[in-house]
Amino acid sequence: MNLKGRSFLTLKDFTPGEILGLIDLAADLKAKKKRGITGSSLKGKNIALIFEKPSTRTRSAFTVACIDEGGHPEYLGKDDIQLGYKESVEDTARVLGRMFDGIEFRGFKQENVEKLAKYSGVPVWNGLTDTYHPTQILADFLTLKEHFGTLKGLKLVFAGDGRNNMANSLMIGCGKIGIHFTILAPKELWPGEDLKKECEKYAAEAGSTITVTDDTDAVRGADAIYTDVWCSMGEEALAAERIALLKPYQVNDGLMAKTGKDTTIFLHCLPAVKGNEVTEEVFERYADVVFDEAENRMHTIKAVMVATLGD
Ligand code: CP
Ligand code: NVA
């Protein structure tokens, strides 16, 4: 796997082998860190961390991973720079590209992370946009692999807002590496038809299936049930409408029991709104795996930076 110089904007741009290679690299970096061994592959590298939206995990993961590998991270919050309102994204990209060796971007428009990559000339990593959250998927897959020992052939059900960044990126990732993937959501919140078709093609190549349904019986046989907030960042005004639409899809004891398996795990990208998308009981029962998943953000983001920028 040679990803040197590549940006990480969406999993669509990566082959199944590259995605699995990043997960293996993350597992290796994690094992080393547990033994107290960190690296120096980002020594002398300066990394810009642009955040238009808030973050706990992604910001911390990029910061710690960068420092673990000997690099210097610089946080550029929404009030620190004038991205897209007093200075064009193209101009900011050209400036940052002359000073930094790599750029992380968390924000609203996918188009902006793509522009940053196009105009900066350095690797750009997508730390979440309205459309995709690709680094999260690597952490989710590392967690599934640690738990089940394998990825291909697992059945993952995402219950909730089926057209948000998480549902989109999980559908791409699962399709690519052959995890059977179901979106369980009301029709109003189903993913775009074009993206679904694209993911069905990936899944057909990898030997898995993509299902979109509003029938909760679809959780039968699931190895993992995944959920995310009902209102993503920027959509807070839609809370009442979303609660009404999504209440039947809450991950609770009843939904977990419908899998018919006692080995099913629960995953959440976090932050969680307990009482909405998941009950406190289910969340706490699976807290160990959910916080492994959160920790794995750091190891997988480190793998992305090492693979695309490291010496
Ligand atoms: N899962 C995730 O991206 O968390 P943050 O919003 O805290 O970065
Ligand atoms: N869909 C959520 C993910 C948070 C990690 C959001 O965009 O707010």
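No lab work stands behind these numbers, since they all come straight from the coordinates. Worth saying up front: this structure is predicted, and the values here are computed from it rather than measured. Methodologically, a virtual Cβ is constructed for each residue, glycine included, from the backbone with ideal geometry; neighbour enumeration extends over all protein chains shown.
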Classify region 193-261 as rounded, prolate or oblate from the Cα gyration tensor: take a ≥ b ≥ c as the square roots of its eigenvalues, call it rounded if a/c is under 1.5, otherwise prolate when a/b beats b/c and oblate if not.
-> oblate
If R0 = 35 Å, then residue 37 and residue 241, at their Cβ-Cβ distance, give a FRET efficiency to the nearest 0.05 of 0.10
Under a 10 Å cutoff between Cα atoms, tell me which one of 73, 271, 248 has the largest fluctuation in the Gaussian network model of the chain.
-> 271
Once the Cα atoms of helix 134-148 and of the chain are each reduced to a long axis, what angle between those two axes, in degrees from 0 to 90 to the nearest 10, is obtained?
-> 50 degrees
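Just in region 1-45: which trypsin sites (Lys or Arg not before Pro) are loop by DSSP and have at most 15 other Cβ atoms within 10 Å?
Sparse-neighbourhood loop trypsin sites (Lys or Arg not before Pro): 4, 35, 43.
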Region 84-116 scanned against label point 7 Å out from residue 74 along Cα→C-beta; backbone N under 16 Å for 91-105
Treat the count of other C-beta atoms within 10 Å as a stand-in for reagent exposure and order 270, 42, 128 from fewest to most.
-> 270, 42, 128
On a 0 to 90° scale, report how tilted helix 57-68 is relative to the longest principal axis of the chain, with both axes built from alpha carbons and the result rounded to the nearest 10.
-> 40 degrees
Output the relative contact order of region 171-263, whole-number percent, from Cα pairs under 8 angstrom with separation of 6+ residues.
-> 30 percent
Could you please rank 14, 108, placing first whichever residue has the fewest other Cβ atoms within 10 Å of its Cβ?
-> 108, 14
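So, R0 is 22 Å and r is the distance between the beta-carbons of residue 4 and residue 98; what FRET efficiency does that work out to, to 0.05?
My answer for the efficiency is 0.65.
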If Lys and Arg each add +1 and Asp and Glu each add -1, what is the summed charge of the other residues whose beta carbon sits under 15 Å from the beta carbon of residue 280?
-> -2
For the chain, set up a Gaussian network in which alpha carbons nearer than 10 Å are linked by springs, and say which option among 36, 160, 121 fluctuates the most.
-> 36
Anisotropy class of region 17-161 from Cα gyration tensor, a/c 1.5 cut = oblate
Candidates 194, 214, 28; GNM for the chain (alpha-carbon contacts under 10 Å) flags as most fluctuating 194
If we count other beta carbons within 10 Å of each Cβ, what is the order of 305, 233, fewest first?
-> 233, 305
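Calculate the FRET efficiency for residue 60 and residue 15 from the Cβ-Cβ distance with a Förster distance of 51 Å, rounded to the nearest 0.05.
Approximately 0.95, to the nearest 0.05.
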Alpha-carbon centroid distance for the pair region 263-278 / region 38-80, whole angstrom = 27 Å
When only C-alpha pairs under 8 Å and at least 6 residues apart count, what is the relative contact order of the chain, in percent?
-> 22 percent
Expected 222 nm ellipticity per residue - DSSP helices of 4 or more, -39500 (n - 2.57), all of the chain, to 500 | -14000 deg cm²/dmol
Can you tell me the relative contact order of region 32-123? Whole percent, Cα pairs under 8 Å, sequence separation 6 or more.
-> 34 percent
Which links in 34/115; 187/261; 261/302; 12/32; 109/302 stretch past 32 Å when you go from one Cα to the other?
-> 34/115; 261/302
